[in-house]
Every structure is written in structure tokens, then in C-alpha cells.
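Structure record follows, encoded as C-alpha cells.
Each value in this text was obtained by applying a stated rule to the coordinates, not by laboratory testing. Keep in mind that what you see is a predicted model, and the values were worked out from it rather than measured. All Cβ positions, glycine included, derive from the backbone under ideal geometry; neighbour counts span all protein chains shown.
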Amino acid sequence: MQRSALVLGVLAAVLAGSVAQADEVPLPSAVQSVPPEDAEAILGQRVTDPDGAEIGRLVDVLVDANGQPQAAVIDFGGFMGVGNRKIAVHWGALRFTPRDPKRKIALDMTPDQIKAAPEFRNPNKAAAVVTPADPNASSP
Amino acid sequence: MQRIRFPRVGANRALDLVNFFVADVQTGFGPFVAVYLTTHKWTQVEIGFALTLGTMTSLVGQLPAGALVDSMRNKRAAAAGALIGIIAAALLLALQPTQLPVLLAQMLHGFSSCVITPAIAAISLRMAGYAALGERLGRNARFSSIGNGLAAAVMGATGAYFSSQFVFFLTAALCVPALLALWSIGPGPHAREQTTCDVMDLSGLKRLLVDRRLLIFAICVMLFHLSNAAMLPLAGAAVTMRAGHLANIIIAACIVVPQAVVALFSPWVGRAAERIGRKKLLLLGWGALPLRGLLLAVLPGSWLLIAGQAVSGISAAVFGVLLPLLAADLTVGTSHFNLCMGILGLAMYLGAAVSTTMSGGVADAAGMDAAFFMLAGVGLVGFLVVWLAMPETRPTAIEISPATPG
């Protein structure tokens, strides 16, 4: 009996706490439904060239202090785990078309640009983020 | 009489198939784990941890696994148990890509790999006897490399069309023909003299470790992999930096061509080991390694790197045949063959583990060519140790005659 009283007491305290919090910051409780055509999960997704040929996989996203994505880490190429390398590309070089299952994420970079890009190694050091030579030329 | 003679011919063929299918199974496991976990949104750190756990298990498991196989009277059962472990690991990965099952699968696969390599060598030893072991190991190496090369070519070429999950189901499925081939080797006189009384025979380990020849050879094995293990990844990196859209085809050739060289060359190595002795072949294999490092450092472009890689087929054939052969030489008359394989396996894993880190550091600091030169230098040290310190180990006819199966 004593124990259930204790549990009730704790419950009451928790409820009071959450009510107090709700008073301070009103939380939006509406649930929004986002269909997969409008927003997609990108981690581990295939990355293609503009023509739709697979060139790598998106393995990480670098964001700034505001949570805005700055660069994507893409694992390129390789055969049976040999010769693959990770490159951080500027977020602006990626184009997302969730509606197109063939090229959900396309990278606007030529094979030569990818080849010349420095490898992304240690996330704790300054990342060498690759920007397409002329971002304006590649944007539609 | 015929019932005894026919299965003997069949048993050799069946052992060929065991080597082929086990190589198939092992080829798929490593490279696809990383890709598979990436598609399941594992972070790079988590993937690195899972892979390292698998490697660490293989490293730590070498000696216990060797001692375990030594203590099992039925070596076929040891190999079958390892295959069942690999099936379980593959199915765990395919069906449950979450933290605990994946880590469990990595450990299970790591330990099973430690068991299956010495177990197959032990079955070969009992089947062929000491006198004909070289030839039998040459066949083993040939069929392993055919399995490796074929599986790498097929899986690499079609991997993009299948999900990585499918690869693990395929891996589990390929264990079934491996088990069938293992079963059709037949009971044979596999184990009797090769079984220890205790599961963990520490006195046996002590006896092995006072053998100077084993210590020298373990150092040679360690230096071999310290030089060898990082060369292919480094060559792959060189190809991706130099070649454009054909890079993956060149890398595929860098993987498959050496396997073809091993397939062609290893039966000769096995026969020659009985004829001209072990030492000359060790010099050939360990000498090809610095040559390969030099070629990879100086050859221009990306297509020519395939030629450098082809040289690795020579050292791989020698290594693949002579490691179990020397383990047998050094344990004639004892029942510690698998423990000896474990000691050499441990030396191999230690060398390989340091190799990639070391060459990566040198490549970052001084460039890729410097890393190739450094690896070639380590290979040269290995060659010198073989040349100056390693004695001939081919047993005399008197030593091996009682152990030949009747």
C-alpha cells in the first residue's frame, strides 16, 4: 500500500511538472503528414550522376550551427570494397528529386572533378569540401 | 576393395569443391558488410566498430580455435561447425541489421573463419599424408583462388543490381554445397593421430614456441603481411586517383588477375615443394613481394598497375601453399598441427592489422609512392629474414614414413 502511494505521489509530481512546462512553452501538438515524395531519407541512399548512373552513396551530412546542411559526405566507387573513397561535396552540388526513384540524389560534378577531389578522412579536422568550379553554371 | 578406392578419388575432388565454395562464401562477407550497414543508416563510426570487432575476434580466436580443432577427433565436424556458424552469421546480418545481432554475427564469423582454415588443412593432411601434402595444398590453393576470383568478379559486377541483403542470403546458401562437399569427402582416417587429449593444451603451445624454426617463420609471415596487406587497398586508391570512369574495371582486374595467377601457379608450387624443398620457394614468394611494391610505385598510369598486381599472384601462391605445409613440417609426430596454424595465423593477422594503418600514415605524410616504397622495404626485410635465418624444413623420409596413411 505504501508503495502504491509512493508511485502515485511520483506520478502526481511528474504530471505537475509537465503541466508547468506546458504553461511556459505551448507545444504544438498537431502532427503533420509528410509523404515520401515530398521529403526523403537520404542517409545510405544511392547518389547518381545527372544521367542517373550510380556513382556512390551518401554516408553523412555536415551541418552548420543553424542546422543548415553545408556538405554531404559521399562514398565513391570501388570494387568489392577496394578503391572506394569518401569525398565531402558542397550541399549546393546536390540535386534532390524524391519523386524520381531513378535519381533521388544527383550530383552535379564531372568524373574528373570527383577524381581530383581530396579525400574526406577525419570528421574532427577541417573538412575539404569540394565545390563545383562554377556553381552558377550548373544550377538550372 | 573398390568401395574403398573409388571414394578416395572422389574425396580429392570433394575437397577441391570444399575449397572452392568456402572461398566463395568468404569473398562475399567482408566487403559487403560495410555497404550493407551503410544502407541501413549505420554511421561510419558504428560500421568501423563492427568491422574492427570482427577482425579482433579473428585475431584473438586464432590460438583457441587451433587448439580446439586439435582436440576434435573429427576434423570434418570442426569444418562443418564453422560453416554452420557462418550460415548463422550471414542470416543474422540479412534478417536483423541492428546493433546486437550484427556485432554477434561479426564475432561468430570471425571465430568460424579461425576454425575453418586449419580444419581444411588438417583434413588435407590426413587425406594426403606428409609425403604428398604439398601437391594436395597446391590443389587447395588453386580451387580457393578460383572460388575467390569468380565470386569477386560475379558479386562485384552484379552487386549494384542486387541488394546487399541478397548477398548475405547467397552467402548462407553457398554454405550448403560446401557442407555437401565436406560430407562427400567421406570419413576416411582423418583424425586419429592428430588429436590432443586436452582442449587447451598449454604445454603443447610451450613445446611449439621453443622451436626456433617456428619463431623465425612466424616473423617471416608477420613481415609478409605487414608488407602485403596494404598493397591492394593502396593500389586501389592509386587507380581511383588516376583513372576516370574505368577505375572500377581496373580495380576488378587488380583483384581477379592475381587470383588467376595463383590458380595457374600453385599446383606447381605444391609439387616443387616436395622436389626442390621449401626454402627456394619461400625465397621466390617473399622475393616477389618487394618487386611488386617497387612496380606499383614506379609503373605509370593505371592499367599497368594490373601487371604489378599480377606479381602478387606469385607470392600469394607460395604463401597459400607453404604456410600450411610448413605448419605440417614443424609438427611432424605431434598433434599440434592446428595450433601451429593458429600461431602462424596470429602472426599474419598482426602484420595485416598494422600494415594498413602504417601505409595510410605514410601515404598521408609523404605520398602514395613513398608508401609503396616503404611496403617494398618491409617486404625486402622479410625476404632477407627468409634468406639468412630460415632453415629448410622439408622432413626426411624417415621422419614422415610412420605418419603416411595406409
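Just a few scattered comments:
- DSSP finds beta bridges in the protein assembly as shown, and of those with both partners inside it, around 85 percent are antiparallel.
- Cα-projected label distance for residue A:38 with residue B:298, points at 7 Å along beta-carbon direction, nm: 6.5
- Amide H contacts of residue A:59: A:44, A:73, A:74, A:75, each under 5 Å away and 5 or more positions distant or on a separate chain (H built 1.01 Å from N in the peptide plane; Pro and chain starts excluded).
- Potential extension, residue B:77-residue B:60 segment - 0.36 nm per residue separation minus Cα distance: 3.9 nm
- In this label model, residue A:100 and residue B:203 are separated by 7.4 nm, measuring between points 7 Å along each Cα→Cβ vector.
- Separation in nanometres of the label points that stand 7 Å from Cα toward Cβ, at residue B:184 and residue B:45: 5.1
- The calculated 222 nm mean residue ellipticity attributable to helices in chain B amounts to -28500 deg cm²/dmol, summing -39500 (n - 2.57) over DSSP H runs of n ≥ 4 and dividing by all residues.
- Inter-chain neighbour count for B:234-246: the average number of beta-carbon atoms from partner chains within 10 Å of each residue's beta-carbon is 5.
- 3J(HN,Hα) couplings calculated from phi for segment A:62-67 with the Karplus curve 6.51 cos²θ - 1.76 cosθ + 1.60 (θ = phi - 60°) are, in sequence order, 9, 10, 8, 5, 8, x Hz; Gly and Pro show x.
- Count, lysine Cα pairs under 19 Å in the protein assembly as shown, 8 or more residues apart or across chains: 4
- Counting 0.36 nm for each residue step from residue A:128 to residue A:53 and taking away their Cα separation leaves a gain of 24.5 nm.
- 3J(HN,Hα) from dihedral phi, segment B:103-115, Karplus parametrisation 6.51/-1.76/1.60, rounded to Hz, x for glycine, proline: 5, 4, 4, 5, 5, 4, 5, x, 6, 4, 5, 5, 7
- Take each residue in B:380-387, count the other chain C-beta atoms within 10 Å of its C-beta, and the mean is 0.
- Relative contact order, percent, chain B [alpha-carbon distance under 8 Å, six or more residues apart]: 26
- For residue A:105, the residues whose modelled amide H falls within less than 5 Å of its own, excluding neighbours fewer than 5 places apart on the same chain, are A:48, A:97.
- Residues with amide H under 5 Å from that of residue A:130, placed H, sequence gap 5 or more: A:88, A:89, A:90
- Residue-averaged beta-carbon neighbours from other chains (10 angstrom radius) around A:81-93: 5
- Across segment B:138-148, rounded Karplus estimates of 3J(HN,Hα) from the backbone phi angles (6.51 cos²θ - 1.76 cosθ + 1.60, θ = phi - 60°) give x, 5, 3, 5, 4, 6, 5, 6, 4, x, 4 Hz, Gly and Pro being marked x.
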